[in-house]
Amino acid sequence: MVGKKYRVLSGMRPTGALHVGHLKSVIEEWLSFQEGGNNCFFLVADLHALTTDWVDSKSIRKNSLEMVKDWLAAGISPEKSVIFLQSDVPEHAELFTILGMITPMGLLERNPTYKEALEEFGNREKLLNLGFFSYPVLQAADILLYKAEKVPVGKDQIPHIEIARDIAEKFNRIFGNIFPLPEPVLSESPKILGSDGRKMSKSYNNAIFLTEDINRITEKIMTYMTDTARKTRKDPGEPERCPLYTLHKVFSPKNDREYVESGCRTASIGCIDCKKVLLKNMLPEIENFQSKRRELEKSDDSVIDVLREGRKKAKEVAQATMEEVKKAIFG
Ligand code: TRP
Ligand code: SF4
């Protein structure tokens, strides 16, 4: 049986260099939808970036272009998917306004990302803007404008997709059935831990970036945290407790993983040996990514062309949806 083809939408805020955690979880999930022949839309959430980065707004455009280069080098293809800037399609703002009218404040007050950010940063002026509070409403507009059925994202985004679903359900109930209810899709790839054993994240300073120098990556791997119970070469270890092993899970083939697992548990290999096996598998993949990216680095023109083309295709769909929406509301 041929699988059903879905309308898929996802996006990322252009906040800077992507790391292997992004590649192996979210981007590979995007790729599998793209290669499965689904109708995919990938947006650069530059308006969302403005919620926190308005202080340094000029960096957003540059970061957007850099991020699209990462996507393209990873295999996201403008021939198969629509790649565009959120700020290039004003219908996002238009649908946002309309959805805001039916979004209860309580739904946004309960948003875990909002609550966490308030706790983490305190009531700093930077976060006390309406745009930050209404972040999930704009995200709902992103999704619903393209009538997306599947939204492949990282775990941290699940609450936002659920809010989008709630808003879609309410809209449909009040104005008529226009929007499919979007479903979040989580990557099956295991969680990737950073060099200090915490979740890999740019802000923890424990990440391996895709554009990083190969020698620097090798150094980082050599000093990566391992199973802390393995104090000496003679102590057996447990891969499931080892941050470095999370990289084996996504870069090494099965036979190498089995070799490393049993070698670790019986102390027949040391952590250095184990790290060398990882590098053998990981570096060629990163080098391949980097050589594709270097082609795109020669000039921004090709990336700008991709975004111009994407804008055209996205706009067509977005305009059609807005016509339907306005008709449903105002008659
Ligand atoms: N909020 C997402 C992030 O921080 C980015 C995003 C914006 C998004 N709009 C979206 C993700 C729509 C999925 C669907 O990464
Ligand atoms: Fe981790 Fe490998 Fe060392 Fe085991 S041998 S603790 S899996 S680095």
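Observations on the model:
- Some residue of the range 177-186 being away from ligand 2 (no atom under 16 Å from the Cβ), over 20 Å from S10 (Cα atoms) and at pLDDT 95 or above: yes
- Subset of the range 55-114 (residues that are in contact with a helix residue (DSSP H, G or I) (Cβ under 6 Å, 6 or more places away or on another chain), without any contact (Cβ under 8 Å) to a residue 40 or more places away in the chain and open to solvent by 40 Å² or more (accessible area, probe 1.4 Å)): none
- Matching helices (runs of 4 or more DSSP H) fully within the range 70-145 where at least 2 residues are away from ligand 2 (no atom under 16 Å from the Cβ), in contact with a Leu (Cβ under 8 Å, 6 or more places away or on another chain) and within 22 Å of F179 (Cα to Cα): 91-100, 135-145
- Of residues in the range 154-167 being open to solvent by 10 Å² or more (accessible area, probe 1.4 Å) and near ligand 1 (Cβ under 10 Å from one of its atoms), the one nearest to the chain's Cα centre (by Cα): G154
- Every condition in (1) surrounded by 13 or more Cβ atoms within 10 Å (Cβ to Cβ); (2) over 30 Å from V68 (Cβ atoms); (3) at pLDDT below 90 is met by A117 except one, and the failing one is (2).
- Which listed residue is out of contact with any strand residue (DSSP E or B) (no Cβ under 7 Å at 6 or more places or on another chain) and within 16 Å of ligand 1 (Cβ to nearest atom), from S262, S203: S203
- Selected residue (criterion: farthest from the chain's Cα centre (by Cα)) from residues of the range 2-19 that are among the charged types (D, E, K, R) and over 22 Å from M67 (Cβ atoms): K4
- Exactly one residue out of D256, D273 is more than 16 Å from ligand 1 (Cβ to nearest atom), open to solvent by 30 Å² or more (accessible area, probe 1.4 Å) and either free of Cβ contacts under 8 Å to residues at least 40 places away in the same chain or within 19 Å of E28 (Cβ to Cβ) (or both): that is D273.
- Test: residue in the range 258-274 that is touching an Asp or Glu at 6+ places or on another chain (Cβ under 8 Å), of a type in the set (G, A, S) and not in a helix (DSSP H, G or I): yes
- Only one entry of K231, K249, K220, K170 meets the criterion of being part of a loop (DSSP other than H, G, I, E, B) and open to solvent by 20 Å² or more (accessible area, probe 1.4 Å), and that entry is K231.
- Hits in the range 1-34 - residues which are away from ligand 1 (no atom under 11 Å from the Cβ) and free of Cβ contacts under 8 Å to residues at least 40 places away in the same chain: M1, V2, G3, K4, K5, S32
- In the condition set (1) open to solvent by less than 50 Å² (accessible area, probe 1.4 Å); (2) within 12 Å of ligand 2 (Cβ to nearest atom); (3) modelled with pLDDT under 95, S201 is compliant with all but (2).
- Residues within the range 190-247 that are in contact with a Gly (Cβ under 7 Å, 6 or more places away or on another chain) and among the acidic types (D, E), tallied: 1
- Residue list for the range 188-198, restricted to those being open to solvent by 30 Å² or more (accessible area, probe 1.4 Å) and assigned to a loop (DSSP other than H, G, I, E, B): E188, S189, P190, K191, S195, D196, R198
The values are calculated or read from the model by the stated rules, or taken from the named source; none is laboratory data. Nothing here was measured: the structure is a model prediction, and the numbers come from that model. Cβ sites come from the backbone with ideal geometry, for glycine too, and all protein chains shown count toward neighbours. Keep in mind that these areas ignore ligands, DNA and RNA; they rest on the heavy atoms of the full protein, side chains included. Shrake-Rupley method; radii C 1.70, N 1.55, O 1.52, S 1.80 Å.
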